[in-house]
Structures are given as structure tokens and as C-alpha cells.
Amino acid sequence: MKNIFYNEYMIIRKAKRKDIKECLDIYNYEVLNGIATFDIEPKTIEEWEIWFDEHIEPHIILVSEMDGSIAGYASLSSYRKKQAYASCAELSVYVNKEYRNQKVASKLMDSILDYAYKHDFHTIVSVITSGNSISEHLHKKYHFEYCGTIKEVGYKMNRYLSIDNYQLILK
């Protein structure tokens, strides 16, 4: 697969096994310091190697590379294991704290949605922690539709958190 997006500052490309550690560091930062994920214990390399291996086509992980480092990643993961969900994927986007406010998330979103269109996905779903206005804004920019809130389903950072469901129907 060729680079999906490139300019002199940023390359968006399919993740490679060598990227797992940097992607994991980005994710584990959110585990310990944020509410973008409901995981409360950091993940291990071994767990993420399994996660990486689950992203065989049509599922994918894209990374944003800047200055030789992984600035962020986006993934299309299996939404559910049942076969009827095969044309649906769950989208995740995470950006390294050092690269925020540099359009990393937007470039990843451009590329991953382009990939989704070309690989015959019908629906893309995102589950966003309620109150994550940056993620909500990003999804609305790409015409994701708000589909409802499930209240107080997770406990993290000494409080109950709700999730907002968003979807984009591609075809």
C-alpha cells in the first residue's frame, strides 16, 4: 500500500509492526491521564501485538508519521464478531500529546474514511466519552451523526462517565 497522504511534514501510512510500541505509548498515555478510553490499566506490548494482528484487511491501522515519530494513529476495528456486522467498523483516533493542534487527527480521518469508502464498508461507528468536545467536533466535521448517549457506563478518574455513539453511513 502506498502512502495515503504525504506532505513535507506528515506521512499517513499503513501501520507496521515496528510502530506498535509508539502507538501503545500514545494509547497508554490516555489510559493513565485521560478519558478517551475506558481502560484503566496500561496495555502491554503482547496485548497490542494481538490487537495489531486483528487488523487484517479490510480492518486497518493507519499512522501519522512526523519527524520520524508516530504523531497519531487511526484504526478501523471489527464492530462486533457476528457476521452480519461485517460491513460495519468501529473507528478510533488517538494523537500523541506532543502533536496535538497540528491537524494530525484530521489528516488521519481523511485517510481512514477514504480507505473505508474504497473497501466497501457501509457504516463507521465511533464511541466517544461524553464531554470530549474535541472528538465530537472532529466527528461532526466529517458528518458523523449523533445516535444517542448511554449514561454512566464507566467509572474512571473518580467519576462515572457516559458514552456518546456516532455513526457515518458511507453508502
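Take the residues of region 31-44 that are aliphatic (A, V, I, L, M) and open to solvent by less than 60 Å² (accessible area, probe 1.4 Å): which is farthest from residue 17 (Cα to Cα)? Can you show your working first?
Going residue by residue through region 31-44, those that are aliphatic (A, V, I, L, M) are 31-32, 35-36, 40.
Imposing the further condition that a residue be open to solvent by less than 60 Å² (accessible area, probe 1.4 Å) reduces the set to 31, 35-36.
Numbers: 31: 21, 35: 26, 36: 24 Å.
Among those residues, the one meeting the criterion is 35.
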**Request:** Output the residues belonging to region 117-171 that are part of a helix (DSSP H, G or I), of a type in the set (Ser, Thr, Tyr) and open to solvent by 80 Å² or more (accessible area, probe 1.4 Å).
**Result:** 117
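Conditions (1) open to solvent by 20 Å² or more (accessible area, probe 1.4 Å); (2) touching a Lys or Arg at 6+ places or on another chain (Cβ under 9 Å); (3) within 19 Å of residue 171 (Cβ to Cβ), marked per residue:
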{"site": "50", "(1), (2), (3)": "yes, no, no"}
{"site": "59", "(1), (2), (3)": "yes, no, yes"}
{"site": "63", "(1), (2), (3)": "no, yes, no"}
{"site": "72", "(1), (2), (3)": "no, yes, no"}
{"site": "77", "(1), (2), (3)": "yes, no, no"}
{"site": "81", "(1), (2), (3)": "yes, no, no"}
{"site": "88", "(1), (2), (3)": "no, yes, yes"}
{"site": "92", "(1), (2), (3)": "yes, no, no"}
{"site": "112", "(1), (2), (3)": "no, no, yes"}
**Prompt:** Here are some residues: 106, 87, 111, 133. Which one is within 22 Å of residue 10 (Cα to Cα), among the hydroxyl-bearing types (Ser, Thr, Tyr) and out of contact with any helix residue (DSSP H, G or I) (no Cβ under 9 Å at 6 or more places or on another chain)?
**Reply:** 111
**Asked** Out of 29, 79, which single residue is touching a residue at least 60 places away in the same chain (Cβ under 8 Å), within 28 Å of residue 157 (Cα to Cα) and of a type outside the set (Lys, Arg)?
**Response** 29
**Item:** Residue list for region 58-99, restricted to those being assigned to a loop (DSSP other than H, G, I, E, B) and either over 15 Å from residue 111 (Cβ atoms) or touching a Phe, Trp or Tyr at 6+ places or on another chain (Cβ under 8 Å) (or both)
**Value:** 58, 67, 68, 79, 80, 81, 82, 86, 87, 96
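The values are calculated or read from the model by the stated rules, or taken from the named source; none is laboratory data. As the structure is a prediction and not an experimental result, all values here were calculated from the model. As a convention, Cβ positions derive from the backbone with ideal geometry for all residues, glycine included, and neighbour counts pool all protein chains shown. To get the accessible areas, we keep the full protein, side chains included, count just its heavy atoms, and leave off ligands, DNA and RNA. Shrake-Rupley method; radii C 1.70, N 1.55, O 1.52, S 1.80 Å.
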